[in-house]
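*Asks:* Dropping a structure here in structure tokens format, bear with me for questions.
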Amino acid sequence: MPTAKEIMTGDILTFSPDDEVREVTRQLAEKNYSGAPVVDKDGKLIGVVTTSDLIYQKKNLHLPTVITLFDSPIALTGSHDVDNQMKKILGSTVADIMSDQVITIDEDTPLEDIATIMIEEGKHLLPVMREETQLVGVIDRSDIIRAIVKES
């Protein structure tokens, strides 16, 4: 059974939180990558930016449904949801659009566990870490497909 270190992409493209969305879009399209890790100035992993984050900028803004009860308007969703949508839609830097809720795996994670995490957590890109501190690679869904083809 293949492990993360055997199927990961080791040539890591990373971005800074201050990088412009336009440049990230260009680089991901140019390299045909589905996303990349975001690291701080010390190289510490702080997030992930994916093509889904970039596509999000083109979506329609969904305003909360409001009902009136006893002459008082009540929003059925919080204004926090609208704030988050606006930030992502209007974001101009990686920090504005990236996900900071990152799930990582280590080099010895087996293929089945990687696939399970991706499906159950809805992740398209998983950073691969060595000893929980050093970013050594990334795995995206195309890496999983290539590994499945090699196994058959």
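The values are calculated or read from the model by the stated rules, or taken from the named source; none is laboratory data. Values in this document were obtained by computation on a predicted structure and should not be read as measured data. No Cβ is skipped: glycine too gets one built from the backbone with ideal geometry, and neighbour counts run over all protein chains shown.
*Asks:* From (1) at pLDDT below 95; (2) part of a helix (DSSP H, G or I), pick out the condition that doesn't hold for residue 112.
*Replies:* Single failed check for residue 112: (1).
*Asks:* Scan the range 125-139 and tell me whether some residue there is touching a strand residue (DSSP E or B) at 6+ places or on another chain (Cβ under 9 Å) and assigned to a helix (DSSP H, G or I).
*Replies:* Within the range 125-139, none of the residues are touching a strand residue (DSSP E or B) at 6+ places or on another chain (Cβ under 9 Å) and assigned to a helix (DSSP H, G or I).
*Asks:* Of all the residues that make up the range 119-147, how many are under 12 Å from the mean Cα position of the chain (by Cα) and surrounded by 20 or more Cβ atoms within 10 Å (Cβ to Cβ)?
*Replies:* So the count comes out to 7.
*Asks:* Right, another one. Can you give me the number of residues within the range 70-109 that are at pLDDT 65 or above, over 30 Å from residue 2 (Cβ atoms) and in contact with a helix residue (DSSP H, G or I) (Cβ under 8 Å, 6 or more places away or on another chain)?
*Replies:* Residues meeting the conditions: 6.
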